[in-house]
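To start, the structure under review is shown below, and the notes come after it.
The values are calculated or read from the model by the stated rules, or taken from the named source; none is laboratory data. Since the structure is predicted, the reported quantities are computational estimates derived from the model, not experimental observations. Note that each Cβ is placed from the backbone with ideal geometry, even for glycine, and that neighbours are counted across all protein chains shown.
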Amino acid sequence: MSGPSYSLKDLADKVQGKLVGDPAVVIHSIATIQNASSGCISFIANPKYNKFLSDSSASAIIVSPELSLELKTPGIIADDPYVAYAKISSLFAKHRNPYSEKPTSHYIHESSEVHESSVIGPNVYIGPECKIGKNSIVHANSSLVMNVEIGENTIIHFNSILGSDGFGYAPHKDDYIKIEQLGKLIVGDNVEIGAGCTIDRGAIDNTEIHNGVKLDNQVHIAHNVILGENSAIAASCAIAGSTTIGKNLQMGGLSGILGHLKITDNVLIGAHTLITKSIDKPGNYVGIMPAQEQKDWAKSSVFIKQRKSK
């Protein structure tokens, strides 16, 4: 069978877990607990999958200490099986760099600097005054428009646009006067930006994406936003301009944050939630209205207004 294979002991050592059973069991792939077959390692990180443990065909399973007595196959006991799975997944990635040769069909402005260890995919545009640090990857068809600095070990996925003009205009009579965007976009180390994202450079001060941030696909971050370390934002979210966000934000899909707000550390925002005011206390914030028929929604909206007026 093609691809790498490892002994169970190799994998237990990788995640610093407790090995159960034959250390020489050979693992050649990862599979979900319900679809695993011989030669696969699986894991249980969510209690709703516990029912598959006794009947799984996996050669080994990663479980928590709480499930260790129910383990009937060889396996690994780890404090956090999901983290253990994440670490092991890196061993089976076949195409970490999908470009077999160093692509030449990209543009790099003469004023920009790209570290020799970084990978620039085909059809990438790197405009003026950009810097890319060690071991970073900019995938195909992405653009760094101008004044973009990317740290080390950062990944920019396909078709993302960084350092684009922010939405800056001064109303004047019946027209708008464009405000030139003179700031930078600074992206830290170990950041991952999904496919089709757009992040604007600052108007005067900088837009900042701090170390360890993870963005899903099609996320928009406006000019002068500061996004704190280790924040994770799911797909199709938007953050309006000049909002400052602390560390460890978690933001569910299709959510939004209005501009000029301050969000403290350790805030969780549920899917489809719109944040309209600053948040100064850590916690889980959700504002979801279930879909209803139009006539039922009309009744609900009247009830909500009555409750607010009391």
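Going through region 196-214 one residue at a time, which ones are in contact (Cβ under 8 Å) with a residue 24 or more places away in the chain and in a strand (DSSP E or B)?
Residues satisfying the conditions are THR198, ILE199, ASP200, THR207, ILE209.
On the given criteria, is VAL225 without any contact (Cβ under 8 Å) to a residue 60 or more places away in the chain and within 22 Å of PHE158 (Cα to Cα)?
Values: without any contact (Cβ under 8 Å) to a residue 60 or more places away in the chain: yes; within 22 Å of PHE158 (Cα to Cα): no.
When the stated conditions are applied, VAL225 does not pass them.
Please work out if ILE88 is outside the structural domain of ASN153 (by TED's automatic domain parsing), crowded, with 20+ Cβ neighbours inside 10 Å and either more than 30 Å from PHE158 (Cα to Cα) or touching a residue at least 40 places away in the same chain (Cβ under 8 Å) (or both).
Against the criterion (outside the structural domain of ASN153 (by TED's automatic domain parsing), crowded, with 20+ Cβ neighbours inside 10 Å and either more than 30 Å from PHE158 (Cα to Cα) or touching a residue at least 40 places away in the same chain (Cβ under 8 Å) (or both)), ILE88 qualifies.
Across region 91-101, which residue is surrounded by the most Cβ atoms within 10 Å (Cβ to Cβ) among those that are within 26 Å of the chain's Cα centre (by Cα) and in a loop (DSSP other than H, G, I, E, B)?
Here the residue is TYR99.
Conditions first: (1) in a loop (DSSP other than H, G, I, E, B); (2) within 19 Å of LYS184 (Cβ to Cβ). ASP265 passes all but one, so which condition is the exception?
Condition (2) is where ASP265 drops out.
What pairs come up if the first residue lies in region 21-40 and is farther than 17 Å from LEU91 by Cα, the second is aliphatic (A, V, I, L, M), and their beta carbons are under 6 Å apart, counting only those six or more places apart or on different chains?
Qualifying pairs under 6 Å: PRO23/LEU8; ILE33/ILE44; ALA36/ALA58.
For region 175-186, check the following and say yes or no: at least one residue is part of a strand (DSSP E or B) and of a type in the set (Lys, Arg).
Yes; the residues of region 175-186 include at least one that is part of a strand (DSSP E or B) and of a type in the set (Lys, Arg).
If we scan region 117-131, do we find a residue that is over 17 Å from VAL191 (Cβ atoms), at pLDDT below 95 and outside any loop (DSSP other than H, G, I, E, B)?
No, because not a single residue in region 117-131 is over 17 Å from VAL191 (Cβ atoms), at pLDDT below 95 and outside any loop (DSSP other than H, G, I, E, B).
Within region 268-289, count every residue that is surrounded by 15 or more Cβ atoms within 10 Å (Cβ to Cβ) and within 22 Å of ASP200 (Cβ to Cβ).
Qualifying residue count for the region: 2.
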